[in-house]
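Okay, so here's the structure we're looking at.
The values are calculated or read from the model by the stated rules, or taken from the named source; none is laboratory data. The structure displayed is predicted, hence computed values, not measured ones. So basically every Cβ, Gly included, is an ideal-geometry build from the backbone, and we count neighbours across all protein chains shown.
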């Protein structure tokens, strides 16, 4: 009777554990990261009776979780990839919308400005038309400033989001370390704590949303958690925090560091995947290039427009001044530079200007400039630096004072702040230089058919203008009229210059052309444009800048540079959107594959519940029968 009772009792115990486990599965059907648990049963050691063995019941070996490490790791990795692309797309799409929005973008304001110049060309003496040009220029500068300020705000938002992501990652690392401690205690005393293991896996999945993680099993129930290229954030039961650190050249630009006893170690370049990598990719691949390209356009407009405007004459007969003002390139010394050098940078050739930042560094006795957009290294020693100023990519660089020490470096940002620094430099409509400062004329007594054009200030002689630009100059044809003489201040009074119809004649910073057949003694003059209020030659030249290919090594005009910016941001945003959709699909598939193994199926659990219930009831019935038999035996003995 005792064998029957013990065997039935072992079944009762086993099926109660099975019922408890099934109930636990059902209760956690919606718990994130929960893995279905299963009771592992085995027969107990049989007892030898006579010439055979009798079974002694069932034993509960363990309550195990249904778990596939490969699928769990796959979900974790795809979570990291999807989070990176989602963060990149969410931030990049904001810039994409800004650039395409007619109420924010530069293209409409640029078109309005050049439209106002065309209107002024039709009536150069009109003060209202001049005032419209001034207002349109101010609106264009304001549009650049607004867009640049929005980009700056996005840079601040990226810093804030990066800080929040690092704080969240630190909190998760702390929780993982605490769970490691609990799992270690449970692991050494009574087997595997399934629910704690599930909780830790879920925390690891959540951590992978912020950065890609790898884990190393210590063999005692604890895990080490590594980020980047092997930087530990959890070692056993201890968490190691991530910190925010400033860029050594720009403290306002936050980076990610790992706390060490010697201080934070910058690991920004080692981090991969997750929201943190997405934010960093947005800043490096979308935001900074967009800010630089926008600044490149602002500088291009300001420099080329100013150059032409300063070749003209305003309504009061004075030489034109700078129409736009812009800020100088930013030069950022590295924190910790030993030398006392002050590096100066200036834009000298806007056509050669790129949208890249640069790093100037001294290593030993060598000086080098690295173009950060493509990593190209320029040997400055070969150009005579630092003793003389050097020109690279349209920039003039020099050590204005002091000396660079070994290891010192500077980051140079030629265009980064140009958009927010663009402004209209003149305040009066009369100061717009619509006219040319020179006027040509033919003598009234000329008998030949030759004519002289209106002339133009030679653009190759950009300000400062030739001191004799408006000095009177005479051109007189000889006998025969195949040569001519020139007289006037600054000309050197050359004689017998060969005449070719239509060929340019250049003196004192101006260019004229005489065409046709002059007669001997015919005379032409070039002089100051006195009272030229109706002259529109310079404003026409200004209006032509809209389509002139003055930027990007002479390959693009203003609209094309802006269009390139819009297209670049749009393409990067589209790639991020496509990658995000692809990663999301792969992640959903991986989650489905993991859940098909480890997830709770209510239909299966309901069937198991009925099966274990019936087994439990049968074991109870066996105990009842054993009791009845035992009672019958006792009754027989009493007789």
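Side notes on the structure shown:
- Of everything listed in (1) within 30 Å of residue 530 (Cα to Cα); (2) buried (at least 17 other Cβ atoms within 10 Å of the Cβ), the single unmet condition for residue 427 is (2).
- A single entry from 297, 332 fulfils the requirement of being under 23 Å from residue 153 (Cα atoms), buried (at least 20 other Cβ atoms within 10 Å of the Cβ) and in contact with a strand residue (DSSP E or B) (Cβ under 6 Å, 6 or more places away or on another chain): 332.
- Just one of the listed residues (479, 526, 495) is surrounded by 14 or more Cβ atoms within 10 Å (Cβ to Cβ) and either farther than 30 Å from residue 116 by Cβ or under 52 Å from the mean Cα position of the chain (by Cα) (or both), namely 526.
- Test for residue 314: is it buried (at least 18 other Cβ atoms within 10 Å of the Cβ), more than 17 Å from residue 211 (Cα to Cα), touching a strand residue (DSSP E or B) at 6+ places or on another chain (Cβ under 8 Å) and assigned by TED's automatic domain parsing to the domain that holds residue 409: yes
- In the stretch 317-326, of all residues being buried (at least 18 other Cβ atoms within 10 Å of the Cβ) and at pLDDT below 95, the one that is nearest to the chain's Cα centre (by Cα) corresponds to 326.
- Qualifying residue in the stretch 587-609 (condition: free of Cβ contacts under 8 Å to residues at least 24 places away in the same chain, more than 30 Å from residue 38 (Cβ to Cβ) and assigned to a helix (DSSP H, G or I)): no
- Any hit, the stretch 24-34, residues being touching a helix residue (DSSP H, G or I) at 6+ places or on another chain (Cβ under 9 Å), in contact (Cβ under 8 Å) with a residue 12 or more places away in the chain and in a strand (DSSP E or B): no
- Which listed residue is out of contact with any strand residue (DSSP E or B) (no Cβ under 9 Å at 6 or more places or on another chain) and surrounded by 20 or more Cβ atoms within 10 Å (Cβ to Cβ), from 117, 196, 140: 117
- Residue within the stretch 402-410 that is at pLDDT 95 or above and either outside the structural domain of residue 356 (by TED's automatic domain parsing) or part of a strand (DSSP E or B) (or both) present: yes
- Qualifying residue in the stretch 543-563 (condition: in the same structural domain as residue 105 (by TED's automatic domain parsing), closer than 26 Å to residue 75 by Cα and surrounded by fewer than 17 Cβ atoms within 10 Å (Cβ to Cβ)): no
- Restricting 134, 147, 110 to residues that are within 21 Å of residue 568 (Cα to Cα), over 20 Å from the mean Cα position of the chain (by Cα) and not in a loop (DSSP other than H, G, I, E, B) narrows the list to 110.
- Reported count of residues in the stretch 363-376, each being part of a strand (DSSP E or B) and exposed (fewer than 12 other Cβ atoms within 10 Å of the Cβ), is 2.
- Selection of the stretch 253-275 for residues being closer than 23 Å to residue 156 by Cβ and either outside the structural domain of residue 204 (by TED's automatic domain parsing) or without any contact (Cβ under 8 Å) to a residue 12 or more places away in the chain (or both) yields only 269.
- Qualifying residue in the stretch 78-86 (condition: at pLDDT 90 or above, surrounded by 15 or more Cβ atoms within 10 Å (Cβ to Cβ), assigned by TED's automatic domain parsing to the domain that holds residue 561 and within 30 Å of residue 134 (Cβ to Cβ)): no
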